[in-house]
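The values are calculated or read from the model by the stated rules, or taken from the named source; none is laboratory data. Everything numeric in this text was worked out from a predicted model, so none of it was measured. Here the Cβ positions follow ideal geometry from the backbone for every residue, glycine too, while neighbour counts run over all protein chains shown. Note: accessible area is taken over every heavy atom of the protein model, side chains too, but ligands, DNA and RNA are not part of it. Shrake-Rupley method; radii C 1.70, N 1.55, O 1.52, S 1.80 Å.
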Amino acid sequence: MAREGLMYTDSDEWVQKKDNNILRVGITDHAQSELGDIVYVDLPEIGEEYDKGDDVNEIESVKAVAEVKAPVSGKIVAINDQLEDDPALLNEEPFDNGWIFEIEMTDPDQLENLMDLEEYESKLEE
Amino acid sequence: MAYYPHTSEEIEEMLSSLGYESIEELFEDIPKEARFNDESLLNEGTSELEVSKLMKELSEKNKTVDDYICFMGGGAYDRYIPSTVDHVISRPEFYTAYTPYQPEVSQGTLQHIYEYQTMICRLTGMDVANASMYDGASALAEAVIMAMNVSRKNKIVVPKSLNPYWLRVVKTYLLGSDAEFVMVEEKNGEIDYCDLEDKIDDDVAAVLTQYPNSFGIVENLKEIKDKFTSKKTMFVVMADPIALGLLKKPGDLGADIVVGEGQQLGIPLSFGGPYLGYFAFRKKYVRKSPGRIIGKTEDKEGKRGFVMTYQTREQHIRREKATSNICTNQGLMTVAASVYMSTLGKQGLREVAEQSYKKAHYLFNELTRIDGIKKAYPDKPFFDEFVIEVNTDLNKLKYKMKKEGYLPGIILKHQYPEKDNQLLIAVTEKRTKEEMDSFVSKIKTILKG
Amino acid sequence: MTELIFELTSPGRKAYTLPDCDVDVDYDDKIKDFIDEEPVNLPEVSEQDLMRHYVELSTLNFHVDKGMYPLGSCTMKYNPKINEDIARLDGFSDIHPYSADEDIQGLLEMLFDFEKDLKILTGMDKFTFQPAAGAHGELTGIKIFRKYFDNKGEDRDKIIVPDSAHGTNPATASMGGFEVITIKSNDKGCVDLDALRDAMDETVAGLYLTNPNTLGIFEEDILEIAKIVHDEGGLLYYDGANLNATMGISRPGDMGFDIVHLNLHKTFSAPHGGGGPGSGPIGVKDFLTQYLPVPVVKKDDNGNKYKLDYSLENTIGKIHGFFGNVGVVVKAYAYTKLLGLKGLKKVSEMACLNANYLKDNLKKDYYLKFNRLCKHEFVLSGKNQKAENSVKTLDIAKRMLDFGVHPPTVYFPQIVDEALMIEPTETESKQSLDNFIRIMKKIASEAKNNPETVKKAPHTTPVKRLNEAKAMRNPDLKYENE
Ligand SMILES: Cc1ncc(COP(=O)(O)O)c(C=O)c1O
């Protein structure tokens, strides 16, 4: 269900650490399967700033809407605009080509609040 | 008479299977203080025959457009409704179904709505239409809300030549919002372009225009649109659907949202409802739009089929963030409208519009030849409704004309206190030369008398 | 596959006739520039083609006259045929909305008399028939909330709704410019009083509530709920979608509600029309009558004439272009006269009997989260089927189609996983309920023994499961082939 080497949030986002305080963010396989066929992604704008826990953007399936939250505080530095034309990538490759945005974090300490694979999986089991 | 099939034996059998002795026990969870005990207030029912009689008696106390010859419009019109319309909407398959939540057994309703959406788009020149709002006025209100959401602005520019009754509905819908209404003066029966230029700026969410307007005059949509200063400002046109059988489409003249009162599309007058709010707009705004939308797709065997789509906008999914709270709409009235538009078809709608235009202009010419009657707005183009200025007490004139068997029109003073002696007259394809000639001669006699 | 009406078009074909135009007038110069040379591209078909088309479409629909339609919260009861005839009487259908009061005495008398019955039934003091549906009544109510507190100079900007509330409740609150506070239900499926107390303060305008609630459970603490809201100066709004449970038994006015709406298209048998029209009159307590939309119906001072009264001092204005869906009100009135208020009480009794009978017979086969007395509806869950055999509630619903009954409301209320919300209504007989029970038990057993049959359902419908994702990813919202 989830993948080694990533960090996870309570609200089912995965976080991958890249260089220079930049994090890549997406939703987990569990999240996409709960939502069902994803049909629309409302991407954030590059340069927007968010506090940890803010709603960054919305993902819509046929009969549900989900909010993607900022896993840490920071500024959006990249978005995956492939999702605009092909939102199904979120269903098909949630951990790879289905990434959503990259955020440059302002406070690396916040990473400590994220879960590792084991913690996330045990959360899912509850 | 009661519409529950239970025999007393069955009631007992069902109760005892539940372990109860009386119906009372089904209501044990209701606290005593909240119980209603005054049986004496509850009246008895009666038979179908007696109810028919009672209702017939009540109905005969009303005077209808069959008792009078009707020249009254103002948003609701006495038009011919082909027989097909009532035969289709009387089919229980249409009128006893509900919202097509289960598409596999609702393809009739769903395909119909897809066809209806197509017809409304063709009528208005728009890309997308929804499956109805409650009526024209509420459709206009929803259009304003949508325009505010799309533009993220709050100023609404409204010409005085837009029906004040409908504007009142819009204002009620927006109570508690930050909408700011800016009125544009009227000049010679149409929007005052200088005033419009003064009032319009980059902060405007929407400019509203009625087409033709509340005096029957065809506003120049293109010229209005030319005054816009910001690309964000939405042009909301409230159009008469029969006039669209003749006039250029608002979509070709720069409108972003086109709404209207669909009563004229095969729906009886019924004292103002049920009517039909039609609602159409440009595709790029679809996610901010209110109401139900049907889309084409296929089933798992590749067969064409139709489903409700963009449901994530609606209250049952998005709840407090929904684009509107509408749930039950005017579904059956869309069937009436589709059957009406299909029965008349391409040529018939044009012919209805054309006859209405010609008859209205005939009556206008005849009336304004009478001494004491003036053209209120002489150089403006109108469609099938017009204003005359009569040198008399209009209330008395109306009273006398009703005695002669006519509904002579609407006294504009009720809506426009500053307008004295002006009468708004509507002529549909139903009126004949004979009816109009005698209408003219009666008015002549009364004015002389 | 049924052809689209546009695909039946043959240029030049006609389904209409009109008299020849008997006046000789040409377009004047002023209009010429405004005329579209090309007529609107509507279908061109014969009358017979048209009738066959719509009759064929109609055969693809499920409807109440065909079979049981236990769609929870929607009260899909039988629609007496006499109502349809009455609404079509010329004296109701051919009245212009701007008719003078003296020309509509019969209609006003009907509205006045109906209002009297509705007041008795609800315990409210004054009604308007202007709202065109339940949600439109809710909207009227929220505007009254707004204006009432504005007039009192109180700045209240929140509305409380329970987590079990229908989507129109929070959506309406937003349209009134209020922030929505959602409070959790307790383990009995009712409003949690502590949560309500915590949420309720002088910034809250009030509570939107339906009773019985969307689980079909009567809010036993309703009097305490009303007290908590009123003590903080708030108002109580009653969503009347569920009045079919309590007519003549318990009245929202006595429970403490200040504004109520009724759904004439549910409780009072006016048909649902494939989505509408409805009618959602609202009633208010005395202290709010001056806030109602105008006009209201009045009997004039010296006796027997009825009139439309526009003189309400604090009116919110108008909520409908004319006077609401009067044609729907006519049907509901005829229904009320047929049954009498006594008959309506019986309606509620039978509606609750039917629901409890179904619940009792199905609770072994489907998980029942709130196992207690219900009113006119109840909510089962397909969660065991999902956990044990990965058969989802959606699959169960689709399988029901194969057995000729309409599925219940599914996945609502959201507080029950895999919800199946069942409202049989009073018009179903014991035989029809027993048949429904048989079907539900059969599906439960199929889910265990032959889950693929259920998961692949429906098998017998005009189309199979439709690809809703495709409809959104490649939107096709109108026929393009001009
Ligand atoms: C509980 C509840 N409230 C409100 C509504 C809204 O009523 P309407 O659809 O008439 O607008 C519904 C309708 O489904 C409902 O079930």
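Taking every C-alpha pair closer than 8 Å and separated by at least 6 residues, the mean separation divided by the residue count of chain C gives a relative contact order of 18 percent. Computed from the Cα positions only, the extents of region B:224-271 along the three principal axes stand at 42, 22, 12 Å, in decreasing order. Amide H to amide H distances under 5 Å link C:ILE181 with C:ILE159, C:ILE160, C:VAL161, where only residues 5 or more positions off or on other chains count and H is placed in the peptide plane. Peptides B:77-86, B:6-15 ranked from most to least packed give B:77-86, B:6-15, packing being the mean of other C-beta atoms within 10 angstrom over each peptide's residues.
Split the accessible area of chain A by element, probe 1.4 Å, and carbon with sulfur accounts for 36%. Loop-located GluC sites (Glu not before Pro) in region C:1-81 (DSSP state other than H, G, I, E, B) with a sparse environment of at most 14 neighbouring Cβ atoms within 10 Å: C:GLU3, C:GLU37.
Taking chain A as a Gaussian network, Cα atoms linked when under 10 Å apart, which of A:ILE46, A:ILE79, A:ILE59 shows the biggest mean-square fluctuation? Per the Cα network of chain A with a 10 Å cutoff, A:ILE46 tops the list.
Using only Cα atoms, locate the centre of region B:223-279 and the centre of region B:285-313, then give the distance between them in Å, rounded to an integer. Region B:223-279 and region B:285-313 have Cα centres separated by 24 Å.
Estimated at the nearest 10 Å², the accessible area of C:ASP395 is 10 Å² with a 1.4 Å probe. Using only the Cα atoms of chain A, build the gyration tensor, take square roots of its eigenvalues as a ≥ b ≥ c, and label the shape rounded, prolate or oblate: rounded if a/c is under 1.5, else prolate if a/b is larger than b/c, else oblate. Oblate is the answer for chain A, as a/c is 1.5 or above yet b/c matches or exceeds a/b.
Extent of region B:338-399 along its three principal axes (Cα atoms, max minus min coordinate, largest first): 44, 28, 16 Å. In region B:235-255, burial by the other protein chains removes 50 Å² or more of 1.4 Å probe accessible surface, compared with the chain on its own, from B:LEU246, B:LYS248. Gain on full extension, evaluated as 0.36 nm per residue between C:ARG438 and C:GLU102 minus their Cα-Cα distance, stands at 115.3 nm. Remark: region C:305-381 carries 25 Å² of accessible area per residue (probe radius 1.4 Å; ligands, DNA and RNA excluded). Rolling a 1.4 Å probe across the protein heavy atoms gives region B:250-390 an accessible surface of 24 Å² per residue. Taken one residue at a time, the phi angles of region B:333-349 give Karplus couplings (6.51, -1.76, 1.60, θ = phi - 60°) of 5, 5, 5, 4, 5, 5, 5, 4, 5, 6, 5, 5, x, 4, 7, x, 5 Hz. Gly and Pro are set to x.
For the residue pairs B:LYS61/B:LYS444; B:LYS32/C:LYS143; B:LYS222/B:LYS413; C:LYS364/C:LYS398, alpha carbon separations beyond 23 Å are given by B:LYS61/B:LYS444; B:LYS32/C:LYS143; B:LYS222/B:LYS413. Highest mobility in the GNM of chain B, judged by mean-square fluctuation with C-alpha springs under 10 Å and restricted to B:PRO92, B:PRO241, B:PRO274, is found for B:PRO92. If you bin all the Cα-Cα distances of chain B at 20 Å, starting from zero, the percentages per bin are 22, 48, 25, 5, 0. Taken residue by residue and averaged, Cβ atoms of other chains lying within 10 Å of the Cβ of C:427-434 number 3.
Take each residue in C:114-121, count the other chain C-beta atoms within 10 Å of its C-beta, and the mean is 2.
Taking the DSSP bridge list for the protein assembly as shown and keeping only pairs wholly inside it, about 70 percent are antiparallel. Quick check on chain C: take the gyration tensor over C-alpha atoms, sort the square-rooted eigenvalues as a ≥ b ≥ c, and tell me if it's rounded (a/c under 1.5), prolate or oblate. Oblate, because a/c is 1.5 or more while a/b does not exceed b/c. When a 1.4 Å probe is rolled over the protein heavy atoms, the share of accessible surface on region C:348-471 that falls to carbon and sulfur comes to 45 percent.
Histogrammed with a bin width of 5 Å, the alpha carbon distances of region C:348-471 distribute as 2, 11, 21, 24, 21, 12, 6, 2, 0, 0 percent, first bin at zero.
Buried accessible surface for the C/B chain pair comes to about 17700 Å², total over both chains, computed with a 1.4 Å probe. Between A:SER122 and B:SER8, the FRET efficiency estimated from the beta carbon spacing at R0 = 45 angstrom works out to 0.15. The value of relative contact order for chain B, using C-alpha pairs under 8 Å at least six residues apart, is 20 percent. Using 0.36 nm per residue and subtracting the Cα-Cα separation, the extra length available between C:LYS448 and C:LYS32 on full extension is 142.6 nm.
For region C:5-60, the solvent-accessible area of protein heavy atoms averages 56 Å² per residue (probe radius 1.4 Å; ligands and nucleic acids excluded). With the convex hull drawn around the C-alpha atoms of region B:83-340, the volume per residue stands at 129 Å³. Per-residue ellipticity at 222 nm, computed for the protein assembly as shown from helices alone with -39500 (n - 2.57) per DSSP H run of at least four residues, works out to -10500 deg cm²/dmol. Diffusion of region C:313-402 by Stokes-Einstein, at 4 °C in a medium of 1.567 mPa s and with Rh set to the Kirkwood radius over alpha-carbon pairs, works out to 75 µm²/s. Over chain B, what percent of the accessible surface lies on carbon and sulfur atoms, probe 1.4 Å? In chain B, the share of accessible area belonging to carbon and sulfur is 46 percent.
Shown here is the pair-distance distribution of the protein assembly as shown: with all Cα-Cα distances grouped in 20 Å bins from zero up to the longest one, the shares run 12, 43, 35, 9, 0 percent.
Among the listed pairs A:LYS123/C:LYS369; A:LYS63/C:LYS331; B:LYS160/B:LYS346; B:LYS359/B:LYS396; B:LYS448/C:LYS318, those whose Cα-Cα separation exceeds 31 Å are A:LYS63/C:LYS331; B:LYS160/B:LYS346; B:LYS448/C:LYS318. Taking a ≥ b ≥ c as the square roots of the eigenvalues of the Cα gyration tensor, an a/c ratio of 1.5 or more together with a/b no larger than b/c marks region C:228-325 as oblate.
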